[in-house]
Structure formats: structure tokens, C-alpha cells
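For reference, the structure is listed below as C-alpha cells.
The values are calculated or read from the model by the stated rules, or taken from the named source; none is laboratory data. Here the structure is a predicted model, which is why all the values come from computation and not from measurement. Cβ coordinates were reconstructed from backbone atoms using ideal geometry, including for glycine residues, and neighbour counts include every protein chain displayed.
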Amino acid sequence: MRTEDHVDLFAEAVEADPAPTRVDGGRPRGLTAEGWVRTTGWLQVGDHPVSSVLLAAVAGLLWALVGAAALVTEFPVAAGVLTLTTPVVSGVLWWLFTTRLRPASTARNVDTCRADELEPGDTIRLHGSIGPIGQVVEVALDDDARVVLHGGARRTWARDDVVHLAELLR
């Protein structure tokens with residue numbers, strides 16, 4: 001590696017375009033080849049994201065209650081078992097999906113800023129306040145804010161568009 005006045009062959013390579021990292025410095029789940037990170041947790045209360053596993057369990061409970069209402073007169077025990085097991089199964093299946101099949105990181109929005117205030121190293125939501133996250137590598141300002149993200153993706157916003165800053169938790 002090149003230093004001020006000589007080449008150091010034993011220095012560690014420094015990636016010019018570092019990948020997004022979690023708050024604790026680890027590699028996030030769901031980092032794609034394009035450089036953005038899949039995320040879960042579409043609901044946030046204050047600055048605390050609500051677990052998508054919990055949302056899947058609640059959705060399972062709602063479906064179980066509909067099924068139990070249809071079954072309760074003919075098969076009351078099956079209706080009770082359905083009501084108790086479906087939320088758990090829904091939550092576990094969603095957890096397996098987001099950790100094994102299509103890994104995704106938990107993230108939370110921490111602030112907003114104008115597109116022309118973005119700086120290299122900022123971690124941003126790519127599509128409004130939810131969805132995948134990318135890390136800003138370069139910002140070019142003219143009539144619009146042209147942003148290059150880790151992995152080479154490019155986004156363009158009007159200078160006064162609001163962009164959500166986020167942090168990767170797990």
C-alpha cells in the first residue's frame with residue numbers, strides 16, 4: 001500500500017468504497033451484491049422499530065380469529081388450537097424467512113435531512129421512510145443532488161427533497 005514516501009507491502013488493504021455496517025461495526029444481514037441492505041421493521045414507534053416478527057404474529061392472529069370464527073360451532077377445540085398456534089407459527093416462519101431465506105437487517109430511522117446536505121458515509125433509506133438502506137459514497141450538487149451509493153448504484157433527488165437517515169441495528 002502506498003504511504004507518503006514509500007510502498008508498505010504489509011499494510012492492510014483499505015476498501016475505497018466501504019460497505020454499510022451495523023451500529024456495532026458488524027456486517028449487516030441482507031447486504032446485496034449491489035451494495036444496499038434489505039431491512040425489516042416497517043413500523044417505528046418513536047425511535048424504536050417494531051419487530052417484523054411481531055407484526056407477522058399479529059397478522060397470523062387476525063387470520064386465526066377469522067378461521068376460528070368459522071370453525072367454532074363445529075370444531076371448538078380446533079378453533080382454539082388454531083387461535084393459539086397460528087400466531088406462533090406465523091412469527092417463526094417470518095423469522096426464518098428474514099434470517100435464513102432472504103436475510104434482512106433491522107434498522108431504524110434516526111433523522112431526516114435535505115438531499116443537498118448528504119455527505120459520504122451517511123446511511124440512508126432508498127425509498128422514503130421504509131425499505132432498503134444504502135450508504136452514500138459520493139454526492140454531486142448542481143440543479144439536483146446526484147448521489148453514488150456503495151456498490152455503484154446512483155440516485156438523484158431534487159436538492160430540497162427530504163431523505164431519511166437510518167442506522168442498521170442487526
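A single member of 33, 69, 59 is within 30 Å of residue 154 (Cα to Cα) and either aliphatic (A, V, I, L, M) or at pLDDT 95 or above (or both), and it is 33.
Quick one: which strands (runs of 3 or more DSSP E) lie wholly within the stretch 115-162 and hold at least 2 residues that are within 29 Å of residue 48 (Cβ to Cβ) and in contact (Cβ under 8 Å) with a residue 60 or more places away in the chain?
Details: elements: 123-127, 130-141, 144-149, 154-158.
Per the criteria, 123-127, 130-141.
All of 90, 105 fail the test of being in contact with a helix residue (DSSP H, G or I) (Cβ under 6 Å, 6 or more places away or on another chain), hydroxyl-bearing (Ser, Thr, Tyr) and either touching a residue at least 12 places away in the same chain (Cβ under 8 Å) or exposed (fewer than 15 other Cβ atoms within 10 Å of the Cβ) (or both), apart from 90.
Looking at the stretch 42-56, which of its residues are in a helix (DSSP H, G or I) and either in contact (Cβ under 8 Å) with a residue 40 or more places away in the chain or crowded, with 20+ Cβ neighbours inside 10 Å (or both)? Result: 52, 53, 56.
The residue of the stretch 20-41 that is surrounded by the most Cβ atoms within 10 Å (Cβ to Cβ), among those that are of a type in the set (Gly, Ala, Ser) and within 23 Å of residue 101 (Cβ to Cβ), is 41. When residues in the stretch 127-153 are screened for being touching a strand residue (DSSP E or B) at 6+ places or on another chain (Cβ under 6 Å) and either at pLDDT 90 or above or surrounded by 19 or more Cβ atoms within 10 Å (Cβ to Cβ) (or both), 16 of them pass.
In the stretch 93-102, what count of residues is obtained for those that are surrounded by 13 or more Cβ atoms within 10 Å (Cβ to Cβ) and at pLDDT below 95?
Qualifying residue count for the region: 5.
For residue 83, the stated conditions hold: it is part of a helix (DSSP H, G or I) and on the phi < 0 side of the Ramachandran plot.
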